[in-house]
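A.B. asks: Quick one: structure below, then a few questions.
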Amino acid sequence: MHRCVPSQRRSGYEGVREIEKRLTNTVGWSATSGQVDNRVYEEANTTFIQDEEMLNKLMNTNPNSFRKLLQTFLEANGRGYWETTDDNIEKLRQLYSEVEDKIEGIDR
């Protein structure tokens, strides 16, 4: 999943949407096959969420797709496809709240 990063990083708005679509497809593959290793989700999380520069770029370039990306990470965890720390889940929830505010034009 993270192999696509350089080209999508350069392509801006559509690149964020493509990253989100790939994660959504990964969750779909988890649901139908059960063959997606936890490492795939962890690597995506490390690349797109834990890297503050990347996180800010994704959030600012396409907040709607970034919100969907966060939803998909949370869904993967909720369905048991991805095991991660409670702290990480809390960070994802906080980021979701922040991006919601950004989309709605709320400054906190």
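A.B. asks: For the range 11-69, give me each residue that is part of a loop (DSSP other than H, G, I, E, B) and either touching a strand residue (DSSP E or B) at 6+ places or on another chain (Cβ under 9 Å) or more than 19 Å from Lys91 (Cβ to Cβ) (or both). Break it down stepwise before answering.
C.D. replies: To start, the set of residues in the range 11-69 that are part of a loop (DSSP other than H, G, I, E, B) comprises 11, 34-37, 51, 62.
Correct list: Ser11, Gly34, Gln35, Val36, Asp37, Asn62.
A.B. asks: Next question, about the same structure. Kindly evaluate Asn38 against the criterion of being within 11 Å of the chain's Cα centre (by Cα), at pLDDT 95 or above and not hydroxyl-bearing (Ser, Thr, Tyr). So that I can check it myself, show each step before the final result.
C.D. replies: Details: within 11 Å of the chain's Cα centre (by Cα): no; at pLDDT 95 or above: yes; not hydroxyl-bearing (Ser, Thr, Tyr): yes.
No: the conditions fail for Asn38.
A.B. asks: Something else: Between a first residue in the range 69-97 that is farther than 24 Å from Gly15 by Cα and in contact (Cβ under 8 Å) with a residue 12 or more places away in the chain and a second residue that is assigned to a loop (DSSP other than H, G, I, E, B) and among the aliphatic types (A, V, I, L, M), which pairs have beta carbons less than 7 Å apart while being 6 or more apart in sequence or on different chains?
C.D. replies: The qualifying pairs are Tyr81/Val36.
The values are calculated or read from the model by the stated rules, or taken from the named source; none is laboratory data. Predicted model, so just to flag it, every value in this text is computed and none were measured. Here the Cβ is made from the backbone with ideal geometry for all residues, glycine too, and neighbour counts use every protein chain on show.
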